[in-house]
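To keep things clear, I will list the structure first and then write my remarks on it.
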Protein chains: 2
Amino acid sequence: MNLRSIPLFFPAAMALTATAATEEDTRPDIILFMIDDMGWQDTSVPFADSVTANNLKYHTPNMERLAAKGVKFTQAYACAISSPSRCSLITGANNARHRVTNWTMERDKSTDLTRDDIILPQWNVNGVQQVPGTPNSYVGRSFVDLLRQSGYHTIHCGKAHFGAKDTPGEAPEHWGFEVNIAGHAAGGLATYLSELNYGHDKDGNPTALNSVPGLEKYWGTDTFVTEALTQEAIKALDKAARYNQPYFLYFAHYAVHTPIDRDPRFYQSYIDEGLSPKEAAYASLVAGMDKSLGDIMDWVEKKGRSENTIIIFMSDNGGLATQPEWRDGPVNTQNAPLRSGKGSLLEGGVREPMIVSWPGVTKPGDVNRNYVMIEDFYPSILEMAQVDWKAEKDKPVDGISFVPLLKEGASTPEDRELIWNYPNIWGNNGPAINLCASIRRGPWKLIYHYDTGGKELYNIPDDIGEKHNLASSEPKTVEFLSRRLGERLRAMDAQRPSFSATGKPCPWPDEIK
Amino acid sequence: MNLRSIPLFFPAAMALTATAATEEDTRPDIILFMIDDMGWQDTSVPFADSVTANNLKYHTPNMERLAAKGVKFTQAYACAISSPSRCSLITGANNARHRVTNWTMERDKSTDLTRDDIILPQWNVNGVQQVPGTPNSYVGRSFVDLLRQSGYHTIHCGKAHFGAKDTPGEAPEHWGFEVNIAGHAAGGLATYLSELNYGHDKDGNPTALNSVPGLEKYWGTDTFVTEALTQEAIKALDKAARYNQPYFLYFAHYAVHTPIDRDPRFYQSYIDEGLSPKEAAYASLVAGMDKSLGDIMDWVEKKGRSENTIIIFMSDNGGLATQPEWRDGPVNTQNAPLRSGKGSLLEGGVREPMIVSWPGVTKPGDVNRNYVMIEDFYPSILEMAQVDWKAEKDKPVDGISFVPLLKEGASTPEDRELIWNYPNIWGNNGPAINLCASIRRGPWKLIYHYDTGGKELYNIPDDIGEKHNLASSEPKTVEFLSRRLGERLRAMDAQRPSFSATGKPCPWPDEIK
């Protein structure tokens, strides 16, 4: 018998004898509250230096409540669309490395749009996996699995979107979640409406690939999906409270992704405030998500668990700003003062509302101006859970824990670099959408266009709206960042498009002078 | 930050790069087909040396088909009731060690009956767990979790019964199963009937603790639960076949546990053969389970996976023989030629129908007369899956792999000892039911009665019906086995009852001369 040599895992929290079975695990409960497609400004919490028009438009009292308890990160970044962000979150790998650079859905099928003059790379259309055997996918190691094995009870609620349909990574249970509420391969939802059975016909058959699974009991009950998920999450928490384990709840709302249905609990009040029907519908999605956050916070408080509960708020990409059928106002302005939106490497596409509340660690009402990135959540949450993940040396984790930044006065090293690679064509056009790569280092951000060789350079703290391209006036910075971006992309074995005319790859940013 | 030192796990099968993601994992698919309360003789496969009346009464063509492909073990043992067996299976620990010696259901509640003259031990009424924190439970390490981490896709279908309700161990997902169909804390089922929504009222609320969860779509469809589980298992297998991973399917039927409902697909044919309504109902449960086995075997064959699929058949304790409301004929005779039944340490309570089919390893139609025990499945399945579990040294595994016994001519060492401890009072009375311990070594079996000090000694191969108690004629064997049983029980920190009159513990078997 040819036995595989598989070192086995011993959770430190596990005991061996019946007596020790009652040993208490006092590590904190951790809730990651992740919103879909929510822009940096879609909240009444001011993440900019001053209160903006958007802050006045949206009412998110529970986000305010969370921000008052914890710290808001004003420069938190994700990728420009969902799959890259979610795959970075679960594996800790940068988007350039995991190569899930566009959105995933069906097995072996690309969602790219095409352009005659460009050949797109063979990116990982099947998403991320924990096991080998699936072509066009990245094999990573789930931080949730590590949490579970260290003794955490692990709960998934909402949108998963890790692996394509019919691949092992499609199901949250494959990533170490012990409970899965309504998560599957899809990155969106057919509808928020229970009147439409969340996208199922009267015989119970899904009417779309993104019909929301597992919420049958709410069909026809006038329960908006945001509320149904919240009720199910609270049931799972009630169960978790009996288990004498710390828990990790990944509450990944389908809100505020399209279709921008009207949440009837909140819609009319926004109409009354003068918003257009489309904008009131969008604001109602935001308000429903915020109510859900409040319900979860209420549960934690009612159960007397506040002091040992970490709550983290985040979104996976910028707010949608390219589709007039869903949003009113000129395109690319919805995330003002940021420019552009979902799909773009400009700030409107990648800057996210992030809050961390950790009683005893974060200072109530604090503001943190360090820049952090979606893959940083992996090592951060493992550090919060006291899991020494670094023993796992041969599975690259690009993220850097932001836990040290929670200490007063701590700051990101000046040479920290954030990297985006988007050698794909998404469904919408707009500024810095499609066929771009980018680097943030210190105050500077360089955006490189694979197809044109064009470069944009912004000083982010000075010019949050990215109105002033300094590429021609700061050639040395452009050269330096082009080199760093090229080096980092190549080091991560990143992909790039090619030109149809020659079959040759588009230049790396440092190959263009 | 006080980081826990948690050595992390690297499945050997996992690859690191996108290229290697397509590496093929050629380890075998493994199906463990586990029946509930099925006696050794409840089949047309002759497990005794000759065909018995029971073999002629039951028709199990698919068990015959499996036995023709593989090897039948004629001396396979489990515990006398379900929880001890299931907890040994999932942790590899002997029942005396894990102390889940009676059946579990509600948290912190014992299911023991009581007797005025006996104080029962504080056994592990909450079952087994993978994490500490739950009083009255045993913390073990699931072989399924090890399979999953080595790269297996893991599927649970049917009865779980590992941890009590509201403990972490209640859910199969806590034991490393990525898919859970209808498994929870309960060890039985409210009803097999979809007309009764498997134990839910018309509003969908469970009507009992053992209502079968998760099969809503079959309610009111005239689908016997055995068939509903089979259809769901096949759907899960269809999915597994797309995953390019080996899979482990634990198909743990609720059949043939009480209530002995009539499976309408098979009931009438047994009436036509002259069986009484109760016996025809029981035979119909057996036939439904056998049809399910056939459907699974058909799926494996149709998918062309036969050559690399291991199928193991087993039951968790002897057939029910104490309840005239469910079975006709004199009590304690239903497992003839074995004596007694479920709950007893006599052969009728613990000897099980076991078949192993492993193409290329097992010889078709072979018979294996070595004795094996339920906890042996743990190391055996891990060995089949090529997982080197022995690296995990500080989590005691009492089972011994039966894989070496599959080689022609191999036999169990003569000093192999099987141990049972049942310091509890079950719901029924009968020969060697309640307050007993037992040891099997070589041909001999000693049963010790805690309350009376009584001892029974049988030569099993000579006296399969245990009609001839040789305790008085073989005093040296009694003394030797009493010593060995006492030593083994104490070494595993086993529990024993006490006398109410004195408050003193009942003697160990070797304290009685």
| message | Is it the case, given these coordinates, that residue A:426 is away from chain B (no Cβ under 11 Å), in contact (Cβ under 8 Å) with a residue 40 or more places away in the chain and either assigned to a loop (DSSP other than H, G, I, E, B) or open to solvent by 80 Å² or more (accessible area, probe 1.4 Å) (or both)? | response | yes
| message | I'd like the full set of residues that are exposed (fewer than 14 other Cβ atoms within 10 Å of the Cβ) and touching a residue at least 40 places away in the same chain (Cβ under 8 Å), limited to the stretch B:258-268. | response | B:264
| note | Scanning the stretch A:244-263 for residues that are assigned to a loop (DSSP other than H, G, I, E, B) and out of contact with any Asp or Glu (no Cβ under 8 Å at 6 or more places or on another chain) gives A:259, A:260, A:261, A:262, A:263
| Does residue A:57 count as open to solvent by 10 Å² or more (accessible area, probe 1.4 Å) and in contact with a strand residue (DSSP E or B) (Cβ under 8 Å, 6 or more places away or on another chain)? | no
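Taking the stated definitions as given, is residue A:307 part of a helix (DSSP H, G or I) and open to solvent by 60 Å² or more (accessible area, probe 1.4 Å)? Before the answer, list the steps.
Working: part of a helix (DSSP H, G or I): yes; open to solvent by 60 Å² or more (accessible area, probe 1.4 Å): yes.
Here the answer is yes, as residue A:307 does meet what is asked.
With in contact with a strand residue (DSSP E or B) (Cβ under 8 Å, 6 or more places away or on another chain) and closer than 19 Å to residue A:63 by Cα as the only criterion, which of A:359, A:364 stands out?
Just one listed residue meets the conditions, A:359.
Take the stretch B:112-153 and flag every residue that is of a type in the set (Ser, Thr, Tyr) and at the interface with chain A (Cβ under 9 Å from one of its Cβ atoms). Lay out the reasoning, then the answer.
First, the residues of the stretch B:112-153 that are of a type in the set (Ser, Thr, Tyr): B:114, B:134, B:137-138, B:142, B:150, B:152.
Of everything in the stretch B:112-153, those that are of a type in the set (Ser, Thr, Tyr) and at the interface with chain A (Cβ under 9 Å from one of its Cβ atoms) turn out to be B:134, B:137, B:138, B:150, B:152.
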| message | For residue A:298, only one of the following conditions fails: (1) within 20 Å of the chain's Cα centre (by Cα); (2) farther than 28 Å from residue A:88 by Cα. What is its number? | response | (1)
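In the list A:56, A:113, which residue meets the criterion of being without any contact (Cβ under 8 Å) to a residue 24 or more places away in the chain, of a type outside the set (Val, Ile, Thr) and not in a strand (DSSP E or B)?
Numbers: A:113 fails: without any contact (Cβ under 8 Å) to a residue 24 or more places away in the chain.
On inspection, the qualifying residue turns out to be A:56.
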| field | Cβ-Cβ under 6 Å pairs, at least 6 apart or on other chains, the stretch B:203-226 side over 20 Å from residue A:203 (Cα atoms) and open to solvent by less than 40 Å² (accessible area, probe 1.4 Å), far side among the aromatic types (Phe, Trp, Tyr) and not in a loop (DSSP other than H, G, I, E, B) | value | none
| query | Which one is least open to solvent (accessible area, probe 1.4 Å), of the residues in the stretch B:443-483 that are among the β-branched types (Val, Ile, Thr) and either assigned to a strand (DSSP E or B) or within 16 Å of residue B:506 (Cβ to Cβ) (or both)? | reply | B:447
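Going by the structure shown, is residue B:121 assigned to a helix (DSSP H, G or I) and not hydroxyl-bearing (Ser, Thr, Tyr)? Full working, then the answer.
Values: assigned to a helix (DSSP H, G or I): no; not hydroxyl-bearing (Ser, Thr, Tyr): yes.
No; evaluated as a whole, the condition is false for this residue.
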| note | Checked pairs for the stretch B:24-37, first within 14 Å of chain A (Cβ to nearest Cβ), second of a type in the set (Gly, Ala, Ser) and in a loop (DSSP other than H, G, I, E, B), C-beta under 8 Å and 6 or more apart or across chains, list as B:24/A:133; B:25/A:133; B:25/B:13; B:25/B:151; B:27/B:13; B:27/B:151; B:27/B:385; B:28/B:385
| query | When the residues of the stretch B:154-190 are filtered to those that are open to solvent by less than 10 Å² (accessible area, probe 1.4 Å) and of a type in the set (Val, Ile, Thr), which remaining residue is nearest to the other protein chains (Cβ to nearest Cβ)? | reply | B:167
| request: Using the structure shown, decide if residue B:148 is in a helix (DSSP H, G or I) and within 30 Å of residue B:245 (Cα to Cα). | output: yes
| note | Residue count, the stretch B:381-423, condition in a loop (DSSP other than H, G, I, E, B) and under 21 Å from residue B:34 (Cα atoms), comes to 7
| Count of residues meeting criterion [within 13 Å of chain A (Cβ to nearest Cβ) and either modelled with pLDDT under 95 or open to solvent by 10 Å² or more (accessible area, probe 1.4 Å) (or both)] in the stretch B:231-242 | 6
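Quick grid of which residues meet (1) touching a strand residue (DSSP E or B) at 6+ places or on another chain (Cβ under 6 Å); (2) under 22 Å from residue A:56 (Cβ atoms):
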residue: A:209; (1), (2): no, no
residue: A:216; (1), (2): no, no
residue: A:219; (1), (2): no, no
residue: A:253; (1), (2): yes, no
residue: A:270; (1), (2): no, yes
residue: A:282; (1), (2): no, yes
| note | In the stretch B:429-441, residues that are more than 14 Å from residue B:112 (Cβ to Cβ), part of a loop (DSSP other than H, G, I, E, B) and open to solvent by 20 Å² or more (accessible area, probe 1.4 Å) total 2
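With respect to residue A:389, determine if the residue is aromatic (Phe, Trp, Tyr), over 23 Å from residue A:97 (Cβ atoms) and either within 14 Å of chain B (Cβ to nearest Cβ) or surrounded by fewer than 15 Cβ atoms within 10 Å (Cβ to Cβ) (or both). Walk me through how you get there before you give the answer.
Numbers: aromatic (Phe, Trp, Tyr): yes; over 23 Å from residue A:97 (Cβ atoms): no; either within 14 Å of chain B (Cβ to nearest Cβ) or surrounded by fewer than 15 Cβ atoms within 10 Å (Cβ to Cβ) (or both): yes.
Considered against the rule, which asks whether it is aromatic (Phe, Trp, Tyr), over 23 Å from residue A:97 (Cβ atoms) and either within 14 Å of chain B (Cβ to nearest Cβ) or surrounded by fewer than 15 Cβ atoms within 10 Å (Cβ to Cβ) (or both), residue A:389 comes out as no.
Out of B:96, B:68, which single residue is assigned to a helix (DSSP H, G or I), surrounded by fewer than 24 Cβ atoms within 10 Å (Cβ to Cβ) and either within 14 Å of chain A (Cβ to nearest Cβ) or in contact (Cβ under 8 Å) with a residue 40 or more places away in the chain (or both)? Quick ask: steps written out before the conclusion?
Details: B:96 fails: surrounded by fewer than 24 Cβ atoms within 10 Å (Cβ to Cβ).
Unique residue meeting the criteria: B:68.
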| Meets criteria (surrounded by fewer than 20 Cβ atoms within 10 Å (Cβ to Cβ), over 18 Å from residue A:66 (Cβ atoms) and among the aliphatic types (A, V, I, L, M)) for residue A:271 | yes
| note | For residue B:382, the lone unmet condition from (1) more than 25 Å from residue B:255 (Cβ to Cβ); (2) touching a residue at least 40 places away in the same chain (Cβ under 8 Å); (3) surrounded by fewer than 24 Cβ atoms within 10 Å (Cβ to Cβ) is (3)
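Among the residues in the stretch A:484-501, are any more than 25 Å from residue A:125 (Cα to Cα), surrounded by fewer than 18 Cβ atoms within 10 Å (Cβ to Cβ) and without any contact (Cβ under 8 Å) to a residue 40 or more places away in the chain?
So far as the stretch A:484-501 goes, no, none of its residues is more than 25 Å from residue A:125 (Cα to Cα), surrounded by fewer than 18 Cβ atoms within 10 Å (Cβ to Cβ) and without any contact (Cβ under 8 Å) to a residue 40 or more places away in the chain.
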| request: Can you give me the number of residues within the stretch A:339-363 that are out of contact with any helix residue (DSSP H, G or I) (no Cβ under 9 Å at 6 or more places or on another chain) and either of a type in the set (Lys, Arg) or surrounded by fewer than 24 Cβ atoms within 10 Å (Cβ to Cβ) (or both)? | output: 1
| request: Would you check if there is a residue in the stretch B:100-107 being open to solvent by less than 10 Å² (accessible area, probe 1.4 Å), in contact with a helix residue (DSSP H, G or I) (Cβ under 9 Å, 6 or more places away or on another chain), part of a strand (DSSP E or B) and in contact (Cβ under 8 Å) with a residue 12 or more places away in the chain? | output: no
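The values are calculated or read from the model by the stated rules, or taken from the named source; none is laboratory data. Only a predicted model underlies this, so the values are computations on that prediction, with no experimental measurement involved. Please note: Cβ atoms are built from the backbone with ideal geometry, for glycine as well, and neighbour counts cover all protein chains shown. Remember, those area values only see protein heavy atoms, side chains included, never the ligands or the DNA or RNA. Shrake-Rupley method; radii C 1.70, N 1.55, O 1.52, S 1.80 Å.
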